[in-house]
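For reference, the structure discussed in these notes is given below.
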Amino acid sequence: MTGPLVPPGPLTHGTELNAVYAIARIVAETYDTEAGLDAVFRLSRTIFIFDVVSLFLHNEDTGQLEPSYALALGRGRAKEADLAWGEPAASEAYRSGQTVLRHEDAGPSVKGRERRRDYLGLPMMVHGRCVGGLVFGRFGGPSFPPEHIRLAEFVAWHVGQLLENRRMARRIATLEAQRELARMQDEFISTISHELRTPLGFIKGYVTTLMRQDTAWDAETRMEFLQIVDEEADRLRELIDNLLDSSRLETGSLGMTKEPIHVGTLIRDTVSRTKSAYPEMDLRMELADDLPLISLDPTRVAQVLDNLLSNAHKYASAGPVVIRSYMNNNAVKIEVEDSGPGIPSEHIPRLFERFYRVPDQTVNVRGTGLGLYICRKIVEAHGGEIGVTSQPGAGTRFNFTLPVHVLAPTVEGEGHDV
Ligand code: ADP
């Protein structure tokens, strides 16, 4: 036996009819289940009397009926803390699939008429299946008359619709999330295959050319080809390293090996490396005198600086690039400022996401959109923050912080470095 699958037929007149219409409208228009239930039960209270209402739903994992919603009104409201919500009536309605009426005696500790408790249990139907029980409780009698039971069945049917709305909304959200994931995976595969294929194409082409038996290459040309092969192999390795780093950073399995390092030295080393990689770059350095020794992973922080400087080279090659560092509120602040084309403001919020690239700007520039994501994760693993300010046409300034230390109070309350 199951409960009613369609709303019970014509009910009553006047105020009841208005309430009934209002309930039906709420159900049709509401996707916020909690607010919908509140509204439906408050309206129900205008057409039949109850002191508590509760909803118990079957949990597939535990195999138990579990409370999912409860509201105390009327006499119930004053005693909310020690209310009995009528779980036995919910279980019985759920098991039998039928409306049940239970009379309980709250015991001698409850004085007067309110010892008497009547619970109306109704099977909760969603999508043709009984998923739980809805209970209306009334304290101090009289019990629920047949016309109130019919109204309660009508309300239960609509509550089932509210739960059905919720089920559909969740299903749509899951499907949308799955579709977005599939879209991102497709995009990822096409970006990555393109990025892997380009250096591989160069390597294969130049090696095949060098191996041709019918042509003798002079030493200079051979060296030029080998240099291209060498550079493209480096690019390939860098790409694979970035992919591995990004997936380890995503899962949190990339550990940081921290040691005390002088920030000024780290920046100077990076700058001299960058200058030899890009001799034509006008790279300037502005370092404060009081840069401290801090605990950091030198390889990873150097990776952040390399990334920001190589982006300045890739996207803002004309004009000077300044790397600047100074103390700012117990943290070292590092900035990389270029005078390139800048980044339109609508792209700024997504810039540090995995695989994000500014669409028009990157047509002729190779990249995967992993660099800034990796930078953010490394900076965050050091307790810092990364950000960017940019003015289209004037330039871009990336900045990040590395906290110097955290002060924890000792037993004597003096504080010590941790
Ligand atoms: P990639 O360089 O591989 O595309 P990044 O994560 O390093 O990936 O950078 C993300 C995007 O941010 C780039 O594609 C580019 O559009 C933009 N970008 C990064 N640095 C700059 C810069 N200095 N000036 C202008 N745009 C930049």
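Laid out as a table, the results:
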| read-out | value |
| --- | --- |
| Matching entry among Arg102, Arg42, Arg117 (being open to solvent by 50 Å² or more (accessible area, probe 1.4 Å) and either more than 22 Å from Ile23 (Cα to Cα) or assigned to a loop (DSSP other than H, G, I, E, B) (or both)) | Arg102 |
| Total residues in segment 356-367, condition of a type in the set (A, V, I, L, M, F, W, C) and within 8 Å of the ligand (Cβ to nearest atom) | 2 |
| Single match in Glu66, Glu60 (criterion: open to solvent by 40 Å² or more (accessible area, probe 1.4 Å) and within 26 Å of Arg116 (Cα to Cα)) | Glu66 |
| Among the residues listed as Ala216, Ala173, the single one being open to solvent by less than 60 Å² (accessible area, probe 1.4 Å), without any contact (Cβ under 8 Å) to a residue 12 or more places away in the chain and either of a type in the set (A, V, I, L, M, F, W, C) or not assigned by TED's automatic domain parsing to the domain that holds Thr99 (or both) | Ala173 |
| Among residues of segment 97-142, those that are among the hydroxyl-bearing types (Ser, Thr, Tyr) and within 30 Å of Glu164 (Cβ to Cβ), counted | 2 |
| Asp297 being acidic (Asp, Glu), open to solvent by 40 Å² or more (accessible area, probe 1.4 Å) and either within 15 Å of Gly384 (Cβ to Cβ) or under 30 Å from the mean Cα position of the chain (by Cα) (or both) | no |
| Lone unmet requirement of (1) open to solvent by 40 Å² or more (accessible area, probe 1.4 Å); (2) within 18 Å of Leu266 (Cβ to Cβ) for Ala312 | (1) |
| Residues satisfying the stated conditions in segment 327-350, i.e. in a loop (DSSP other than H, G, I, E, B), open to solvent by less than 70 Å² (accessible area, probe 1.4 Å) and among the polar types (S, T, N, Q) | Ser339 |
| Hits in segment 358-376 (condition: within 19 Å of His313 (Cβ to Cβ), part of a loop (DSSP other than H, G, I, E, B) and over 20 Å from the mean Cα position of the chain (by Cα)) | Val358, Val363, Asn364, Val365, Arg366, Gly367, Thr368 |
| Residues of segment 368-391 that turn out to be at positive phi and within 11 Å of the ligand (Cβ to nearest atom), as a count | 1 |
| Filter result for Glu195 (within 25 Å of the chain's Cα centre (by Cα), surrounded by 10 or more Cβ atoms within 10 Å (Cβ to Cβ) and assigned to a helix (DSSP H, G or I)) | no |
| Any chance Gly137 is at pLDDT 95 or above, open to solvent by less than 10 Å² (accessible area, probe 1.4 Å) and assigned to a strand (DSSP E or B) | no |
| Cβ pairs under 8 Å, 6+ apart, first in segment 237-252 and within 17 Å of Gln185 (Cα to Cα), second aromatic (Phe, Trp, Tyr) and in a helix (DSSP H, G or I) | Ser246/Tyr373 |
| Filter result for Phe400 (open to solvent by less than 30 Å² (accessible area, probe 1.4 Å), within 8 Å of the ligand (Cβ to nearest atom) and either assigned to a loop (DSSP other than H, G, I, E, B) or in contact (Cβ under 8 Å) with a residue 40 or more places away in the chain (or both)) | no |
| Filter result for Gly201 (of a type in the set (Gly, Ala, Ser), buried (at least 18 other Cβ atoms within 10 Å of the Cβ) and either in contact (Cβ under 8 Å) with a residue 60 or more places away in the chain or not in a loop (DSSP other than H, G, I, E, B) (or both)) | no |
| Qualifying residue in segment 3-19 (condition: open to solvent by 50 Å² or more (accessible area, probe 1.4 Å) and modelled with pLDDT of 90 or more) | no |
| Single unsatisfied condition, Gly342 versus (1) under 27 Å from Arg237 (Cβ atoms); (2) within 9 Å of the ligand (Cβ to nearest atom) | (1) |
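Yes or no, residue by residue, for (1) more than 9 Å from the ligand (Cβ to nearest atom); (2) touching a Lys or Arg at 6+ places or on another chain (Cβ under 8 Å):
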residue: Leu283; (1), (2): yes, yes
residue: Leu296; (1), (2): yes, yes
residue: His313; (1), (2): no, no
residue: Ala318; (1), (2): yes, no
residue: Leu351; (1), (2): no, no
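Table: residues versus (1) at pLDDT below 90; (2) loosely packed, with under 12 Cβ neighbours inside 10 Å; (3) on the phi > 0 side of the Ramachandran plot; (4) not assigned by TED's automatic domain parsing to the domain that holds Arg284.
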| residue | (1), (2), (3), (4) |
| --- | --- |
| Leu162 | no, no, no, yes |
| Thr208 | no, yes, no, yes |
| Glu232 | no, no, no, yes |
| Arg235 | yes, no, no, yes |
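The values are calculated or read from the model by the stated rules, or taken from the named source; none is laboratory data. The structure displayed is predicted, hence computed values, not measured ones. In this analysis, Cβ positions are derived from the backbone assuming ideal geometry, glycine residues included, and neighbour counts consider all displayed protein chains. The accessibility values were calculated without ligands, DNA or RNA, using every heavy atom of the protein model including side chains. Shrake-Rupley method; radii C 1.70, N 1.55, O 1.52, S 1.80 Å.
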